[in-house]
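The structure appears below as structure tokens.
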Amino acid sequence: MSTPGELPLSRRRFLEQGSAAAVGAALSGCAAASAAAAKGPMRYRRFGKTNLTVSEIGLGCATGLKSKMLGPERFNRYREELPAILHRLLDLGGNFVATGRGYHDTEQILGNAMKGRRHEVIIFTAPDPPKDNVETIIQCCEESLKNFHTDCIDCYFSHGRWSERFYEAALKLRQQGKIRFIGLSSHVPAEHRACVEAGQLDFVFQPYNYMALAKWTERFDRNDVEGLFAFCKQKDVGVISMKPMTGHFLPNWAKDTSNPKVASLMSELSGLGAEHLYHAMLLWVLKNPNVCCAAVGMSAVGEVAENCRAVGMPLTRAHERLLEHYAAACTDDYCRLCETCLPSCPAGIRIPDILRYRMYYKNYGHREDARELYAAVPADRQATACTECGACEGTCPNKLAIRNKLREAHTLLV
Ligand code: SF4
Ligand code: SF4
């Protein structure tokens, strides 16, 4: 795994690593299809009852979560490149951006970048972190309107969890014509389902990627997620896949070349081209007719065309084999943040939070922020309060070695 002090491996470097290994390898049918698709147009889907038409791929902005997460050098590079990333996406037919007030100054950067092109962009944004005060939420929205130089946010959503205060504020904002549609982003399908059942949502953001397949877990979560999506379809609620490429997990997991599982995956990629794996992840998500689109984090202009090349490609057996290989290789290190383990812990340890901060540290390379987040967890809920009873591991559908990971997290994060 990555060693302290190193920068996380960028997607670009990961791709170069795979491409270098591919020198001399025969081009697969998919790679040929990739080149042909590069000239192909974007494809669009109806976004549920909003009746908006969304491009299959749009821009997610979690990379702008906090400047400290990337370090000043990479974050400033990202901020400088973001306008060009947006323009490239629009030029290739993409038509939406998804961000939030908590994603540093991405609203201002995107708002300035879309001057003269506002009509080409569907804006998704959120008052983040979640607020429980109606007036504060309304004020957040007013600031978002200013940042985007617009008089109406297309899609406004509660970020991370649902709040009735958010809904109250959103209804007022909609009445005032300041937002058009109301949504929720949550990791927990049941939370989405409850709000859809209550008729409160026009759209949902749900993490959805191949790694979340029930095949790699015992119970969670394909049925839940797929069931949610079918329910959304029935209720005509728009569905956006977030984390379609498993967040930033892959590039930094793949950095540990001493890991035989990584070596084996890279060897398979060498015959296909590294881009193939990213395409496979996107194609797998987009093959679901109940998914309207994927919000993809892109931190460099080159990634936009790489991703858009996947649009319209067939998902081949070679793609599927690669996904199976990837998931089998890293499933035992991938916490789905499903929270199934939480009620089982007699000590009330914040297991998903701690494993998330461990992932920020190890897999995203966001070390300073991960440590800060961990420090904010009350001491009696941190990993050191674990009694090693093992109850949580009996409930984890992914069979993660939670106790080991908690111990490691504490070592890394203090
Ligand atoms: S092993 Fe630790 S984290 Fe897991 S249930 Fe027991 S006390 Fe909680
Ligand atoms: S440790 Fe297991 S049960 Fe707990 S959040 Fe992660 S995947 Fe879910």
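The values are calculated or read from the model by the stated rules, or taken from the named source; none is laboratory data. Because the structure is a prediction, the values reported are computed rather than measured. In this analysis, Cβ positions are derived from the backbone assuming ideal geometry, glycine residues included, and neighbour counts consider all displayed protein chains.
Structure data summary
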| read-out | value |
| --- | --- |
| Which numbered condition C335 fails, given (1) within 16 Å of ligand 2 (Cβ to nearest atom); (2) modelled with pLDDT under 90; (3) assigned to a helix (DSSP H, G or I); (4) touching a helix residue (DSSP H, G or I) at 6+ places or on another chain (Cβ under 7 Å) | (3) |
| Among (1) assigned to a helix (DSSP H, G or I); (2) β-branched (V, I, T); (3) more than 10 Å from ligand 1 (Cβ to nearest atom), the one test that I354 misses | (3) |
| Criterion violated by N363 - all others in (1) within 16 Å of ligand 1 (Cβ to nearest atom); (2) touching a His at 6+ places or on another chain (Cβ under 7 Å) satisfied | (1) |
| Residue match in the range 158-170 (condition: in the same structural domain as D202 (by TED's automatic domain parsing) and part of a strand (DSSP E or B)) | yes |
| Restricting the range 115-127 to residues that are of a type outside the set (K, R) and surrounded by fewer than 19 Cβ atoms within 10 Å (Cβ to Cβ), the residue that is nearest to E339 (Cα to Cα) | E120 |
| In the range 73-89, the residues that are free of Cβ contacts under 8 Å to residues at least 60 places away in the same chain and surrounded by 19 or more Cβ atoms within 10 Å (Cβ to Cβ) | F75, L82, L86 |
| Extreme residue, nearest to A409 (Cα to Cα), among residues of the range 376-393 that are out of contact with any helix residue (DSSP H, G or I) (no Cβ under 6 Å at 6 or more places or on another chain) and in a loop (DSSP other than H, G, I, E, B) | Q382 |
| Any hit, the range 358-366, residues being surrounded by 21 or more Cβ atoms within 10 Å (Cβ to Cβ), assigned by TED's automatic domain parsing to the domain that holds E275 and away from ligand 2 (no atom under 16 Å from the Cβ) | no |
| Candidates A376, A347 - the one that is of a type in the set (A, V, I, L, M), without any contact (Cβ under 8 Å) to a residue 24 or more places away in the chain and surrounded by fewer than 22 Cβ atoms within 10 Å (Cβ to Cβ) | A376 |
